[in-house]
Structures are given as C-alpha cells and as structure tokens.
Amino acid sequence: MGTYSKTSRAQVNSTLRRQVLRNFTFAVSWRTEKILYRLDVGWPKYPEYFTGTTFCVTVDSVNGLVYIGQRGDNIPKILVFTEDGYFLRAWNYTVDTPHGIFAASTLYEQSVWITDVGSGFFGHTVKKYSSFGDLVQVLGTPGKKGTGLNPLQFDNPAELYVEDTGDIYIVDGDGGLNNRLIKLSQDFMILWLHGENGTGPAKFNIPHSVTLDSAGRVWVADRGNKRIQVFDKDTGEWLGAWNNCFTEEGPSSVRFTPDGKYLIVAQLNLSRLSFVAAPPVGSIGECSVISTIQLADQVLPHLLEVDRKTGAVYVAEIGAKQVQKYVPLNSYVPSFGS
C-alpha cells in the first residue's frame, strides 16, 4: 500500500482547504446593486494554520500585521500573519478563551489587547500583550468574574477599542453578569460608564462590539436589543440609536471604513455583512443599508476588523473556522487569488 510523505500530505491538505475556501467564495451573493468590496481567496497563503474556531481578528496597520484569535484544545490561541497572507508566528501565553482582539500599535510600540472569557485561570480579563505574546498589563481579576469597579472586574468581556490617545472603550459582557460600556483613561482610571441591563437608552442586552468614528462618537453593537447605540466619547452622553436595520437579528460587530463613509456591521446567525451609510456630524438619523454581502449558511461572521491604510476588511468566521479578507474594488490588491 502506497504512502504519502509529510510534504505531499501537507500539499493535499492545503489543496483541500483552498477548495473549501473557493466553495465559500462561490456562495457569496451581493444583495444590492452597489458593490463595494470583493473577496480575496488568496488570503491567507496557508489557511491550514487555522486549527481551531476563529473568533476574532485585528489589524496592526502601522506594521502590516494581522492577528487572529482562535479557540480549541492544544492549539496556538493567537496567529500572526502579514497583510499579504504569509504566516509569521503563533503564541499561546496566558490566553484562555479569546473573544475580542485589538491592535493598538504606534510608531513606538506594538501592542495587542485581548478580551478573555475563559473559565480557567486567565479568564474574565482584558489583557495587553507585545506583538510576540509577552504579557504587559492585566485588567480585571484573572479567573474570577464579577461586577466590581474598585478593583475593576469583568464577566465575559466581549470586545474593546483603543483610541490613539490611549483611552480604552470596553463592552462587558457577552452574556454574563454585566451589560455595560466602560471608558478607561490610558492609566486605567474609569472616566465614565453605562452599566445597566435593559432596553431603554444607554442600557444594554449583550453589548458585543464597540468602535469610534472621526466625529468623536462611540458606536456599540447592542446585540440582544437588536440595535446600535451611539454615545459622545468625551462625556458619555447618549446620542441616539439605530433600530430599523436589525429586526431579524442584532449586530455582532461594528467597524468604520477608513474614509468614514460606511459602518460595516456583521450579523452572526444571518451570515451577513452590511455596509451602512454613516450619518453626518450632529445627527444620528435612521440606519440606511447601502450594500450587503450574504455569506453561505453557517459561515457565522463573529467579529471583523478594517485596515486603516488599505480599507481591507477581515472577518473572523466561527462557523467556517477561518478568516476571510475583502478588499475595496478600487484597491490594487488582486481579486480571487489572481
């Protein structure tokens, strides 16, 4: 009976994985006439490095790096790729169960923040790492969930967004004790918070994702309430909400395009990405969907990130167990692996 070498087996696995990616590609349909992005199936170059369930992705636009958080037993929890799709390294230090991830790099420092929802020793924390996985800072009480503010405690912190000033916005939690939005200063002092479960203004039911726009507004995916809520970043004042676009399912992820024209929204169980027109300064108005990408059933886009320089969109898909990359139509990046 013939046998395969390790090299040939890897080639076969890579070919099969690439075929799976192409199958997902062909399942994509554009629901509106205005097509903004296209799928790059050539990213990553070696998808066999996805060995777990991919929950989150972030982009270090300064250094051209893409970080991916995945879950599973006896696997690396964090994968690092170049923006061109080449695998660089992996690390697994003090990461239990990653949920959200954010790269907050400057010209002087490369850092990666991770929200950990694990029930083990490292869980219920928000942690800062170097790009090589060295633990720099821990917020929360490792391994212990709670509602306290002094010291600060978390229960299933879902995601965070770090401003260029160093201020941090955290949505806590993903179905746990807390339903709150917290703003911290760069030295981790609480500047303001909204922290009550409910359906009214500035109340939450599973706040799942948070982002900022260039007008100083904080946008929160209030997933359980099927809406997006908006706040003033300086005062925490509630500015309004979008309810009309999410009657089927609440939003799971929110990010703006670099030009600020669109808010990209992922809906997990609908396997859908929506490009929503951003409102002008001084108005929230109604949600208006300009374009959508309908993914194949059970792809399940969980969290997404946008490259600030190129505009590329990276989507962490927990159903397909992969991260896919979409590029703007006017981008120089080749489409469909060509």
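With θ taken as phi - 60° and the Karplus curve 6.51 cos²θ - 1.76 cosθ + 1.60 applied, the whole-hertz 3J(HN,Hα) list for the range 72-81 is x, 8, 6, 9, x, 7, 10, 10, 10, 10 Hz, x standing for glycine and proline. Compactness ratio for the range 271-310: Cα radius of gyration over 2.2 N^0.38 Å (N = residue count) comes to 1.47. With a ≥ b ≥ c taken as the square roots of the eigenvalues of the C-alpha gyration tensor of the chain, please select rounded if a/c is under 1.5 and otherwise prolate if a/b is larger than b/c or oblate if it is not? Verdict is oblate for the chain. In order along the range 237-245, the Karplus-derived 3J(HN,Hα) couplings, from 6.51 cos²θ - 1.76 cosθ + 1.60 at θ = phi - 60°, round to 4, 6, 9, x, 8, 10, 10, 6, 8 Hz, and Gly and Pro are given as x. The listed residues Arg38, Arg255, once ranked by accessible area (1.4 Å probe) with the largest placed first, stand as Arg38, Arg255. Per residue, the accessible area of the range 138-211 comes to 40 Å² when a 1.4 Å probe rolls over the protein heavy atoms. Across the range 79-178, Cα-Cα pairs more than 20 Å apart make up 36 percent of the total. At a 1.4 Å probe radius, carbon and sulfur cover how many percent of the accessible area of the chain? Ligands and nucleic acids excluded, carbon and sulfur reach 51 percent.
Database remark: amide H of Val218 closer than 5 angstrom to the amide H of Phe231, Asp232, Lys233 (H placed geometrically; neighbours at sequence offset of 5 or more, or on other chains; Pro and chain starts carry no H).
Think of a 1.4 Å ball rolled over the protein heavy atoms: the range 220-338 then has 37 Å² of accessible area per residue. Output the antiparallel fraction of DSSP beta bridges having both residues in the range 178-308, as a percent to the nearest 5. Here the antiparallel bridges make up roughly 95 percent for the range 178-308. Accessible area per residue was computed with a 1.4 Å probe on protein heavy atoms; Cys245 scores about 40 Å².
With one equal scatterer per alpha carbon and no solvent term, the Debye-computed log10 I(q)/I(0) for the range 31-85 at 0.18, 0.20, 0.26 1/Å reads -0.70, -0.80, -1.07.
The values are calculated or read from the model by the stated rules, or taken from the named source; none is laboratory data. Remember, it's a predicted structure, so these values are computed and weren't measured experimentally. Each accessible area value is taken on the protein alone, full model and side chains, heavy atoms only, with ligands, DNA and RNA left out. Shrake-Rupley method; radii C 1.70, N 1.55, O 1.52, S 1.80 Å.
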